[in-house]
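The values are calculated or read from the model by the stated rules, or taken from the named source; none is laboratory data. As the structure is a prediction and not an experimental result, all values here were calculated from the model. A quick note on method: Cβ atoms are made from the backbone with ideal geometry, for glycine too, and the neighbour counts reach across all protein chains shown. When the accessible area is computed, the model is the full protein with side chains, heavy atoms only, and any ligands, DNA or RNA have been set aside. Shrake-Rupley method; radii C 1.70, N 1.55, O 1.52, S 1.80 Å.
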Amino acid sequence: MTKLTFHGAARTVTGSKYLLEAGGARVLIDCGLFQGLKELRERNWAPTPFDPATLDAVVLTHAHLDHVGFLPRIVREGFGKPVYCTPATRELAEIILLDSAKLQEDDAAYANRKGFSKHHPALPLYETRDVQRTMELFADGPRNTWFCPAEPIWMRYHDAGHLLGSALVEVEIRDRQQPLRILFSGDVGRYDGPLYHDPTPPPACDYLVCESTYGNRDHPDEDLLEGLAGAVERAVRRGGVMLMAAFAVGRAQQLIYLLQLLKSANRIPDLPVFLDSPMACNATDVYRRYAAECDLSEAELNASQRAIQGREVILARTQNQSKAINQTRGPAIIIASSGMMTGGRIVHHLQQRLPDARHTIILGGYQAVGTRGRLIEEGAPAVRMHGQDVPVRAAVEKIPGLSGHADRTELLRWLDHLPQPPRRTFLTHGEPEAADALAEHLRIARGWTVDVPALGAAVELAHA
């Protein structure tokens, strides 16, 4: 019997965790944190719904926190087997997990100083030493090569086009002559997306677990470079600073690459660009090392490292370097994390720049419900930061084409490449409206059998 249980990313976009069981083997695909609304974040503190010590392996699709951020917690709870991923994912995951542990530790320390936690003392979900133990478990799973995390489960990675190192996971349950085939999409990237190759066409599968983040909508049909150039030009006319909220891993490097393309074509002034995030700086180093895996075809440059880092890019790793940026009046560009404005150095820049109409806030990519980025996107007159309501007077610009997720049309285009329809499809990693809309379309337009599983749902995957 093969069994699949959805312990995360079920009717929500975060917390990816899929437990696959076959022939006595137990393999977890992704191990992410829940993010966004408080009720989601509190799930990270609930008892882990499976015994980590009984897992034979964890297999990761990519390095974003909602896919890897719970790993140190299960290591803390007794998991000690291999964690498989692509080499680039391993390097990026270490950066992300160390940052996450520091935030957990800082939050606990702050709660203890202020005395507002209902737990005494407040404790982090995990610590830096848990991350260090976690990284010792990592094992490389290169793309396009079958590997066995635990018999009879075999897996193979294909480029998902979402992030450096990101992968679709093709699975075969080899316990009989005709193996059972399962495909986990991970996060599917965009076609013609900057810096990344197009997602690999999906291989044939009996069962499909597919993301649905943008399952009910399309990105605006506009030229990404044109949109970004226009936003920069308007920000320059205002005379202030353009503040770009960006995920430190992936989005920040895309923005630098796009700005470099515009500068090289003399479409925007050669403005100083401040990359204000130690994590983003470290991730940019990884992108340079793995430049051969990036799609730099738009860049008319001799050096790929310059295409990724760009010119006039000032790296701010230390707090003093970050504070010095506050003296910049503009025009200039600040790229800071986090992408949904929930924490990190972006919050301090927002507090300083939001009340001033000369400045510009750039939103690129998905803003989850309950995040500060979502409030600003929806036109909130003020947002709360550090115990204060900060008025939103700065201009707000959206560059939707920056999203790393395939939209509805692109997901359908990707699914078109399946040699035949799956026997059953499970839509995950989407808010209910998005997942339900895509499910209904696939049922009506294609005649597919589609489920949108609830959190904790378990299904048996039968052989033909």
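Worth pointing out:
- Checked against the criteria, G404 does not count as surrounded by fewer than 16 Cβ atoms within 10 Å (Cβ to Cβ) and within 20 Å of the chain's Cα centre (by Cα).
- Residue check for R113: among the basic types (K, R), modelled with pLDDT of 95 or more and either at negative phi or assigned to a helix (DSSP H, G or I) (or both): no
- Being over 30 Å from Y191 (Cβ atoms) and under 26 Å from the mean Cα position of the chain (by Cα) is a description that applies to S322.
- Of all residues in region 49-66, one or more are touching a Cys at 6+ places or on another chain (Cβ under 7 Å), under 28 Å from A88 (Cβ atoms) and not in a loop (DSSP other than H, G, I, E, B).
- Qualifying residue in region 413-434 (condition: under 27 Å from A229 (Cβ atoms) and either open to solvent by 40 Å² or more (accessible area, probe 1.4 Å) or in contact (Cβ under 8 Å) with a residue 60 or more places away in the chain (or both)): yes
- Failed item, numbered, when E151 is tested on (1) in contact with a Leu (Cβ under 8 Å, 6 or more places away or on another chain); (2) more than 25 Å from V249 (Cβ to Cβ): (1)
- Restricting region 199-222 to residues that are over 17 Å from the mean Cα position of the chain (by Cα) and among the charged types (D, E, K, R), the residue that is surrounded by the fewest Cβ atoms within 10 Å (Cβ to Cβ): D221
- Considering residues of region 127-180 that are assigned to a helix (DSSP H, G or I) and in contact (Cβ under 8 Å) with a residue 40 or more places away in the chain only, the residue surrounded by the most Cβ atoms within 10 Å (Cβ to Cβ): T134
- Of the residues making up region 238-276, those that are in a helix (DSSP H, G or I) and either among the hydrophobic types (A, V, I, L, M, F, W, C) or at pLDDT 95 or above (or both) are A252, L255, I256, L258, L259, L261, L262.
- Members of region 403-431 that are part of a strand (DSSP E or B), out of contact with any helix residue (DSSP H, G or I) (no Cβ under 9 Å at 6 or more places or on another chain) and hydroxyl-bearing (S, T, Y): none
- A count restricted to region 46-65 and to residues that are surrounded by fewer than 24 Cβ atoms within 10 Å (Cβ to Cβ) and under 24 Å from F247 (Cα atoms) stands at 1.
- Flag if L225 is modelled with pLDDT under 95 and either part of a helix (DSSP H, G or I) or open to solvent by less than 10 Å² (accessible area, probe 1.4 Å) (or both): yes
- If you go through region 258-282 and keep only what is out of contact with any Phe, Trp or Tyr (no Cβ under 9 Å at 6 or more places or on another chain) and open to solvent by less than 10 Å² (accessible area, probe 1.4 Å), you end up with L258, L259, Q260, L262, K263, V273, L275, D276, S277, C281.
- Considering residues of region 342-365 that are under 22 Å from the mean Cα position of the chain (by Cα) and part of a loop (DSSP other than H, G, I, E, B) only, the residue surrounded by the fewest Cβ atoms within 10 Å (Cβ to Cβ): G343
- Filter result for Y84 (open to solvent by 10 Å² or more (accessible area, probe 1.4 Å) and modelled with pLDDT under 95): no
- Applying a threshold of 7 Å to beta carbon distances and a minimum spacing of six or more residues, or different chains, the list of pairs starting in region 252-267 at a residue that is among the aromatic types (F, W, Y) and ending at one that is in a helix (DSSP H, G or I) reads Y257/A307; Y257/I308.
- Any hit, region 380-387, residues being at pLDDT 90 or above, touching a strand residue (DSSP E or B) at 6+ places or on another chain (Cβ under 9 Å) and charged (D, E, K, R): yes
- Filter result for R90 (over 22 Å from the mean Cα position of the chain (by Cα) and open to solvent by 60 Å² or more (accessible area, probe 1.4 Å)): no
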